[in-house]
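The values are calculated or read from the model by the stated rules, or taken from the named source; none is laboratory data. Here the structure is a predicted model, which is why all the values come from computation and not from measurement. Please note: Cβ atoms are built from the backbone with ideal geometry, for glycine as well, and neighbour counts cover all protein chains shown.
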Amino acid sequence: MASSISDDRGMDSVPTPVKIVIAGGFGTGKTTMVGSVSEIPPLTTEEVLTEVGAGIDDLTGVERKRTTTVALDFGRITISRRHVLYLFGTPGQERFWFMWNDLARGAIGTIVLVDTRRLETSFAAIDFFERRAIPFIVTVNCFDNAPRYTVEEIRAALAIPDRVPVMLGDARDRESSKLALVRLVKHAMATALPASV
Amino acid sequence: MNRDEGWYDESAGPLVRPYTITNGRTPTATAQLDLSTQVMALRAEREPTGLSPEHLAVVRLSRAPVSIAEIAAHLHLPLGVVRVLCGDLIDRGLVITRSPTNRSAQRPDLDTLQAVLDGLINL
């Protein structure tokens with residue numbers, strides 16, 4: 001029991017975790033972005049869920065309950081001895097959006113990745129974080145063969161409010177991904193400040 | 001974290017059904033454990049008794065602070081199972097944890113955001 005513990009390491013030895021969520025539609029480069037800045041190769045973990053309703057495409061044999069498995073990719077950046085940052089990619093499929101609440105709870109904010117070839121796949125993510133007043137920025141992942149648009153064109157096409165930063169980037173590139181993380185944290189700090197009257 | 005140190009390996013597959021490990025319990029009581037919650041095992045004078053192999057695997061993995069998500073990934077266990085296992089270890093005083101914020105709905109405070117910003121810029 002607790003009395004047998006003889007450990008001089010206390011809570012000071014445990015860093016405070018912080019989270020950033022990488023969201024966006026299927027195939028927008030979420031895991032690529034996680035991998036480009038993570039200090040560990042992206043890990044995958046699974047949540048086993050009991051599913052109600054139809055549309056199951058992934059059954060696992062847990063008793064006779066109908067369950068489904070949601071895979072989450074994530075990475076880690078050690079900020080300092082006191083802070084460790086986790087990057088979580090959201091499951092792409094729309095029916096797992098309820099999991100985004102768990103991911104976003106207590107998070108610094110979200111980077112919504114956009115693929116200009118499939119703008120519509122990121123509409124919902126933008127709407128989700130906008131409604132919940134979670135700080136987010138939009139990063140256009142500039143795929144090699146994708147049509148190029150300006151930030152203003154993307155903003156207009158996705159009806160992104162002026163207060164939400166929009167930037168162009170390359171999810172494969174470490175510096176580009178770092179820049180997006182910095183931009184998000186600055187944005188979160190600006191929105192965390194009390195309104196200047 | 002060296003996966004080879006674990007006694008689970010890729011070929012072991014799902015050895016038992018997830019909710020056999022947790023005796024059918026679901027993680028309602030430990031829902032405050034975030035995916036990023038840091039878990040660190042406290043050094044005990046003697047090997048704790050009455051723990052399942054899965055509990056002991058969690059203790060071994062968390063000698064240095066590690067997240068719930070990493071434990072789940074390395075042990076190939078669903079997140080919900082790892083939450084239950086960690087809840088048991090917390091109850092027995094064998095691990096300590098630190099979550100993103102005291103109240104889970106909260107966002108990180110400005111000091112934390114500044115520390116993260118500085119760290120990212122210096123990467």
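Which residues, counting only those in segment A:133-150, are free of Cβ contacts under 8 Å to residues at least 24 places away in the same chain and under 21 Å from the mean Cα position of the chain (by Cα)?
Within segment A:133-150, A:ALA133 is the sole residue that qualifies.
Quick one: A:LEU113 ticks every box in (1) of a type in the set (A, V, I, L, M); (2) surrounded by 20 or more Cβ atoms within 10 Å (Cβ to Cβ); (3) out of contact with any Gly (no Cβ under 7 Å at 6 or more places or on another chain) except a single one, so which number is it?
For A:LEU113, the failing item is (3).
Could you grab me the full set of residues in segment B:102-113 that are closer than 21 Å to A:ARG183 by Cα and more than 7 Å from chain A (Cβ to nearest Cβ)?
Once the filter is applied, which keeps residues that are closer than 21 Å to A:ARG183 by Cα and more than 7 Å from chain A (Cβ to nearest Cβ), segment B:102-113 yields B:ASP109, B:ASP111.
Out of the residues in segment A:127-145 that are surrounded by fewer than 22 Cβ atoms within 10 Å (Cβ to Cβ) and closer than 16 Å to A:LEU168 by Cβ, which is modelled with the lowest pLDDT?
The extreme case among them is A:ASN145.
Give B:ARG46, B:ARG98 a once-over and let me know the one that is of a type in the set (D, E, K, R) and either within 30 Å of A:THR110 (Cα to Cα) or within 11 Å of the chain's Cα centre (by Cα) (or both).
B:ARG98
Is it the case that some residue within segment B:66-84 is over 22 Å from A:GLU46 (Cβ atoms), within 7 Å of another protein chain (Cβ to nearest Cβ) and without any contact (Cβ under 8 Å) to a residue 60 or more places away in the chain?
The answer is no; no qualifying residue exists.
I'd like the residue in segment A:105-137 that is in contact with a Phe, Trp or Tyr (Cβ under 8 Å, 6 or more places away or on another chain) and aromatic (Phe, Trp, Tyr) and, out of all such residues, is farthest from the other protein chains (Cβ to nearest Cβ).
In this case the residue turns out to be A:PHE128.
Keeping to segment A:10-39, report how many residues are outside any loop (DSSP other than H, G, I, E, B), more than 11 Å from chain B (Cβ to nearest Cβ) and among the small types (Gly, Ala, Ser).
Number of matching residues: 4.
Return the residue satisfying two criteria in turn: it lies in segment B:51-65 and is more than 7 Å from chain A (Cβ to nearest Cβ) and not in a helix (DSSP H, G or I), and of such residues it is nearest to B:LEU33 (Cα to Cα).
B:SER62
Scanning for something at the interface with another protein chain (Cβ under 7 Å from one of its Cβ atoms), without any contact (Cβ under 8 Å) to a residue 60 or more places away in the chain and under 19 Å from A:PRO135 (Cβ atoms), does segment B:88-101 turn up at least one residue?
Yes, segment B:88-101 contains at least one residue that is at the interface with another protein chain (Cβ under 7 Å from one of its Cβ atoms), without any contact (Cβ under 8 Å) to a residue 60 or more places away in the chain and under 19 Å from A:PRO135 (Cβ atoms).
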